[in-house]
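In what follows, a structure is listed as structure tokens, so that the remarks can point back to it.
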There are 2 protein chains.
Amino acid sequence: MLSSAGSASLPEGFRACGRSCGIKPSGRSDLALFVSDTAAAAAGVFTTNRVLGAPVMVSQQRVPAGDIRAVVINSGNANACTGDRGIQDAQAMTASVARQIGCRAEQVLVCSTGIIGVPLPVDRITAAIGPAVKDAGTDDADLMAAAEAMMTTDTFPKLVSRDVAAENGTVRVAGAAKGAAMIAPNMATMLAVVMTDAVLTPPQCDELLREATARTFNCIRVDGHMSTSDTVLLLAGGSSGVAAADMPEFREAVTDVCEKLATDIVRDAEGASHFIVVDVCGFDSREAAVQVARAVADSALVKTAVTGNDPNWGRITSAAGYAGIEFDADCLTLEINGVTVYRNGVPVPYDEGALSAVMAEQDVHLRLELTGGPRSGSSQARLWTSDLTQEYVRLNSEYTT
Amino acid sequence: MLSSAGSASLPEGFRACGRSCGIKPSGRSDLALFVSDTAAAAAGVFTTNRVLGAPVMVSQQRVPAGDIRAVVINSGNANACTGDRGIQDAQAMTASVARQIGCRAEQVLVCSTGIIGVPLPVDRITAAIGPAVKDAGTDDADLMAAAEAMMTTDTFPKLVSRDVAAENGTVRVAGAAKGAAMIAPNMATMLAVVMTDAVLTPPQCDELLREATARTFNCIRVDGHMSTSDTVLLLAGGSSGVAAADMPEFREAVTDVCEKLATDIVRDAEGASHFIVVDVCGFDSREAAVQVARAVADSALVKTAVTGNDPNWGRITSAAGYAGIEFDADCLTLEINGVTVYRNGVPVPYDEGALSAVMAEQDVHLRLELTGGPRSGSSQARLWTSDLTQEYVRLNSEYTT
């Protein structure tokens, strides 16, 4: 189920670095830095949790903006639930980067991920920022190092880049992310930084990021538990000289990059043994389709059925049935990996052994279609999720303190 | 964590029976019958799933009513997702009971629980109904036999009775239930029948049942997966001659009976190792408190923390944070089994080993309080749930067909 890390390249005008500053007891790298040589248009999408990490409070006040110069990220400590000191520490991280690259602290964004409720060893971080700024480079290895330094319980780094040919040049979109997984009382977080050398205004950046996030990062369900620190950032440095906001290929590339990072997060979900695509179509609004897909994707019984390679139409259709959308149950049809197992409200015969064997070998694809009646229409939604295994329970119930 | 079955007595004017009619391959009892010697006022609360079992479609058209004479229940087959034939079979079960006791089919309610998508062996059921009606008795053992015949994956029968002294006599409330647990592609269901010899009108029955269900059966969360057949019925036969609708002690007894059955269902949840009480207080509406409590009770990370006896304040407060209620995170306080672990937005020191030991020994009690700010007030909610264990995953992911 693992996805290969692959290689990815930074867009023109960006530098990156990953190194160890001594937060993780393992000595693994825990400080990532992304620098834009130009003042970048930037936008952010943040967790809507009421319990917020300090870096989220600091960063969300600074975007959208037209002059962002860097993103600094530490792993190993989320700087959350630490009161006023947390805010001061997050601000200190940005001030330290600003001093080193010659800009204002407000031009630097910050993210943290790791344990919560423990004050950040901020001196170790600020001491490492000088060398990190000097180290930051434009090679693929630099982007890889930054992606690695963001990892907590991730088993592989998540990074991707896409090139888009425009009339007057080439635009690149690249991103790095870390996965959503939580180990008590540590709490890991979904973080993603997407960079492009396209020319965008801050409002264009904001709109593009919200559109891409709605169809990618907001469509993954690991265990439904939203972290206090989830953050997705988009920086557009403009070095390509290409004004790309209205180019469909460019917008698609941004969504592509976000989708690759988001699905890699699901593929790397704790203890998961199956990657599951949930498609819901034939509803009268995207919201309705999303609501049905969420009920299916979040059902512990659907997840455990997939764990057992069991094409369990009853669990899937009944999860759709309690989603809160008043559709006609006699118009519901279900395909599992292309095999129709339930049509218009009744199960249909199929080769269960063969389908189970396919589920054991491949990604699992659940497709629910509403074929008529109230709430039917032409809207659809796709979510990605993972199964629920004994290993997930073991990882999350082990007493770790 | 098991609750003892205890003994319970039928109210005046009710008879019960449990026997085997040959649906379950194990030969265990699978036909339960409750008969009211008088025409009983009756009400029902049913699953809101869009995918409905045929017995739910039949029974919900027959209540509220003033002349219900019996409830017939089979386990082993849910008679769901079987098209028109399912409706005919459910109707045939009620017609068969009606013939035996001398009433119209519309005066009989029906429930089924077990596998879905497989036609009911209705001839075996109707053949057993005659002997069942003759067998039905008033002893405690008869109620116990009926409760046992409702069981699917339950490990103990669920039944309870309460006596209430009134000025002009004694009123009894008794109930039997089966648990919510699902095994693929079988789908088990929550069913409960509550009987009383109090005198109630059908509207009083309906109002009383809705009130009690809202605070008991609708406050339990096992895995959040709502069945196609969930049903709670209340029958008031009137034999005590006591008009009890406005007696607080009687209303409390009905809620008590429902709470005992509901919490026994949670205590018997598949693979569970902890019984968890989630109290949320200090919110400006009961709805807000329920919404926060549901987010906590449904979180796989909270459940697995409890599995590991881990007083993980971060998972609990962050689950509250994403419930969708815009409270002030700096006004949130958390107690676990009476120990304050998080006060007004920050963790506080406590003896983690001692608290973990208490969690290992006792029911786990999580209490979240909002102490001020927006959305604060005097409303509260209590939910009951169970933890999430490797055994739950094993039970629900084993390939069973």
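Scan the range B:318-334 residue by residue and report those that are in contact with a strand residue (DSSP E or B) (Cβ under 6 Å, 6 or more places away or on another chain) and surrounded by fewer than 17 Cβ atoms within 10 Å (Cβ to Cβ).
Matches in the range B:318-334: none.
Residue-wise test of (1) hydrophobic (A, V, I, L, M, F, W, C); (2) within 19 Å of the chain's Cα centre (by Cα).
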position	(1), (2)
A:8	yes, yes
A:14	yes, no
A:19	no, no
A:45	yes, yes
A:49	no, yes
A:62	no, no
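Residues that are more than 24 Å from the chain's Cα centre (by Cα) and without any contact (Cβ under 8 Å) to a residue 60 or more places away in the chain: does the range B:291-301 have at least one? Show your work before the answer.
Here is the first cut: in the range B:291-301, the residues more than 24 Å from the chain's Cα centre (by Cα) are B:301.
Pick out the ones that are also without any contact (Cβ under 8 Å) to a residue 60 or more places away in the chain and you get B:301.
Yes, the range B:291-301 contains at least one residue that is more than 24 Å from the chain's Cα centre (by Cα) and without any contact (Cβ under 8 Å) to a residue 60 or more places away in the chain.
Provide a single number: the residues in the range B:363-376 that are in a strand (DSSP E or B) and at positive phi.
The initial filter retains those residues of the range B:363-376 that are in a strand (DSSP E or B), namely B:364-370, B:376.
So of that shortlist, the ones also at positive phi come out as none.
Here the count works out to 0.
Would you be able to tell me the number of residues in the range A:41-60 that are more than 12 Å from chain B (Cβ to nearest Cβ) and within 14 Å of residue A:79 (Cβ to Cβ)?
To start, the set of residues in the range A:41-60 that are more than 12 Å from chain B (Cβ to nearest Cβ) comprises A:41-46, A:55, A:58-60.
Imposing the further condition that a residue be within 14 Å of residue A:79 (Cβ to Cβ) reduces the set to A:55, A:58-59.
Residues in the range A:41-60 being more than 12 Å from chain B (Cβ to nearest Cβ) and within 14 Å of residue A:79 (Cβ to Cβ): 3 in total.
Going by what's in this entry, would residue B:63 be described as aliphatic (A, V, I, L, M), surrounded by 18 or more Cβ atoms within 10 Å (Cβ to Cβ) and more than 16 Å from residue B:150 (Cβ to Cβ)? Walk me through how you get there before you give the answer.
Numbers: aliphatic (A, V, I, L, M): yes; surrounded by 18 or more Cβ atoms within 10 Å (Cβ to Cβ): yes; more than 16 Å from residue B:150 (Cβ to Cβ): yes.
Considered against the rule, which asks whether it is aliphatic (A, V, I, L, M), surrounded by 18 or more Cβ atoms within 10 Å (Cβ to Cβ) and more than 16 Å from residue B:150 (Cβ to Cβ), residue B:63 comes out as yes.
So residue A:356 ticks every box in (1) more than 12 Å from chain B (Cβ to nearest Cβ); (2) in contact with a Pro (Cβ under 9 Å, 6 or more places away or on another chain); (3) among the polar types (S, T, N, Q) but one. Which box is left unticked?
(1)
Has the range B:113-130 got any residue that is of a type outside the set (Val, Ile, Thr), in contact (Cβ under 8 Å) with a residue 40 or more places away in the chain and under 23 Å from residue B:11 (Cβ atoms)?
Taking every residue of the range B:113-130 in turn, none turns out to be of a type outside the set (Val, Ile, Thr), in contact (Cβ under 8 Å) with a residue 40 or more places away in the chain and under 23 Å from residue B:11 (Cβ atoms).
Out of the residues in the range A:210-250 that are within 14 Å of chain B (Cβ to nearest Cβ) and over 11 Å from the mean Cα position of the chain (by Cα), state the one that is surrounded by the most Cβ atoms within 10 Å (Cβ to Cβ). Explain how you work it out, then say what you get.
Kept after step one, since they are within 14 Å of chain B (Cβ to nearest Cβ), are these residues of the range A:210-250: A:218, A:221-230.
Of the ones still in play, those that are also over 11 Å from the mean Cα position of the chain (by Cα) are A:223-229.
Details: A:223: 25, A:224: 18, A:225: 22, A:226: 21, A:227: 27, A:228: 26, A:229: 29.
Looking at the filtered set, the residue picked out is A:229.
Mind listing just one residue for me: the one in the range B:251-273 that is crowded, with 22+ Cβ neighbours inside 10 Å and within 14 Å of another protein chain (Cβ to nearest Cβ) and, of those, modelled with the lowest pLDDT? If you could, list the steps in order and put the result at the bottom.
Of all residues in the range B:251-273, those crowded, with 22+ Cβ neighbours inside 10 Å come to B:253-254, B:257-258, B:261-262, B:264-266, B:268-270, B:272.
When the remaining residues are screened for being within 14 Å of another protein chain (Cβ to nearest Cβ), the result is B:269-270, B:272.
Numbers: B:269: 84, B:270: 81, B:272: 89.
The selected residue is B:270.
Restricting to the range A:287-301, what's the tally of residues that are of a type in the set (A, V, I, L, M) and at the interface with chain B (Cβ under 8 Å from one of its Cβ atoms)?
Here is the first cut: in the range A:287-301, the ones of a type in the set (A, V, I, L, M) are A:288-290, A:292-293, A:295-297, A:300-301.
The next check asks that each one be at the interface with chain B (Cβ under 8 Å from one of its Cβ atoms); those that pass are A:300-301.
Going through the range A:287-301 one residue at a time, the tally reaches 2.
Given the structure, is residue B:306 under 30 Å from residue B:176 (Cβ atoms), within 27 Å of the chain's Cα centre (by Cα) and facing chain A (nearest Cβ under 10 Å)? Quick ask: steps written out before the conclusion?
Working: under 30 Å from residue B:176 (Cβ atoms): yes; within 27 Å of the chain's Cα centre (by Cα): yes; facing chain A (nearest Cβ under 10 Å): yes.
Yes, satisfied.
Count, please, the residues in the range B:155-208 that happen to be assigned to a loop (DSSP other than H, G, I, E, B), modelled with pLDDT under 95 and over 28 Å from residue B:30 (Cβ atoms).
The qualifying residues number 2.
Checking the structure you have, find out if any residue of the range A:359-379 is at the interface with chain B (Cβ under 7 Å from one of its Cβ atoms), surrounded by 18 or more Cβ atoms within 10 Å (Cβ to Cβ) and touching a residue at least 12 places away in the same chain (Cβ under 8 Å). Walk me through how you get there before you give the answer.
Taking the range A:359-379 first, the residues at the interface with chain B (Cβ under 7 Å from one of its Cβ atoms) are none.
No: zero hits.
Residues that are outside the structural domain of residue B:380 (by TED's automatic domain parsing) and among the hydrophobic types (A, V, I, L, M, F, W, C): list the helices (runs of 4 or more DSSP H) wholly contained in the range B:246-362 that include at least 3 such residues. If you could, list the steps in order and put the result at the bottom.
Numbers: elements: B:248-267, B:286-298, B:300-307, B:313-321, B:352-361.
Passing ranges, in order: B:248-267.
Please find, within the range B:383-401, the residue that is farthest from the other protein chains (Cβ to nearest Cβ) out of those that are surrounded by fewer than 18 Cβ atoms within 10 Å (Cβ to Cβ) and not β-branched (Val, Ile, Thr).
Quick first cut of the range B:383-401, residues surrounded by fewer than 18 Cβ atoms within 10 Å (Cβ to Cβ) only: B:391, B:394, B:398-401.
If we keep only those that are not β-branched (Val, Ile, Thr) as well, we get B:391, B:394, B:398-399.
Details: B:391: 8, B:394: 6, B:398: 6, B:399: 5 Å.
For the range B:383-401, the residue satisfying everything is B:391.
Could you check residue B:381 against (1) aliphatic (A, V, I, L, M); (2) out of contact with any Lys or Arg (no Cβ under 8 Å at 6 or more places or on another chain); (3) under 20 Å from residue B:289 (Cβ atoms) and say which number it fails?
(2)
The values are calculated or read from the model by the stated rules, or taken from the named source; none is laboratory data. Just so we're clear, the structure is a prediction, and the values are computed from it rather than from any experiment. Every residue, glycine among them, receives a Cβ derived from its backbone with ideal geometry; neighbour counts consider all protein chains shown.
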